[in-house]
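Asker: Below you'll find the structure I mean.
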Amino acid sequence: MRRDKLNDRFIELGSTLEHGKPVKADKAAILSDATRMVIQLRSEAQQLKDTNGSLEEKIKELKAEKDELCDEKQKLKLEKESLEHQMKLMTSTPAYMPHPTLMPAPFPQAQLAPFHPHAQAAGQKLMMPFVGYPGYPMWQFMPPSEVDTSKDSEACPPVA
């Protein structure tokens with residue numbers, strides 16, 4: 001009875017090792033095939049563990065890189081918003097126009113004594129500072145239709 005159970009187990013093991021092929025009757029051949037299969041499966045399992053470990057390391061590296069890129073993206077978004085805000089401030093029309101400033105005379109301050117009698121006697125011209133236009137061009141604040149000169153000849157024909 002015990003021998004019959006062992007023989008049944010060997011037949012079952014032989015059919016499991018070589019599925020679809022005729023079962024070997026030699027017990028030593030079945031045991032050697034089973035040993036070879038166990039060694040092969042252990043080596044495959046170790047290779048899969050190594051591959052799994054390397055893939056987990058790769059995943060950690062990629063997650064760290066993703067986090068860095070998200071941080072950089074956030075910084076770039078903030079910088080973009082800041083630049084857009086600056087552009088809006090630069091391109092918006094001010095609510096008021098500042099009063100024209102005094103423009104300095106085109107000569108050094110050392111010679112700026114026109115009311116001194118010796119300076120007038122020496123033949124220097126009397127030059128006073130004059131009120132000029134603001135120190136920035138006004139055309140920037142005009143609507144584009146007013147600045148466009150392509151249709152000036154139609155709107156205001158030249159006087160001959």
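Asker: Restricting attention to region 84-96, does a residue exist that is at positive phi, outside any helix (DSSP H, G or I) and at pLDDT below 90?
Answerer: No, region 84-96 contains no residue that is at positive phi, outside any helix (DSSP H, G or I) and at pLDDT below 90.
Asker: Now for a different question. Regarding region 72-80, can at least one residue be identified that is assigned to a helix (DSSP H, G or I), under 30 Å from PRO144 (Cβ atoms), modelled with pLDDT of 95 or more and not aliphatic (A, V, I, L, M)?
Answerer: yes
Asker: Could you grab me the full set of residues in region 19-44 that are under 60 Å from the mean Cα position of the chain (by Cα) and surrounded by 14 or more Cβ atoms within 10 Å (Cβ to Cβ)?
Answerer: Once the filter is applied, which keeps residues that are under 60 Å from the mean Cα position of the chain (by Cα) and surrounded by 14 or more Cβ atoms within 10 Å (Cβ to Cβ), region 19-44 yields ASP33, ALA34, MET37.
The values are calculated or read from the model by the stated rules, or taken from the named source; none is laboratory data. What you see is a predicted model; the values in this text were computed from it and never measured. When we count neighbours, we look across all protein chains shown, and the Cβ atoms used for this are built from the backbone with ideal geometry, even at glycine.
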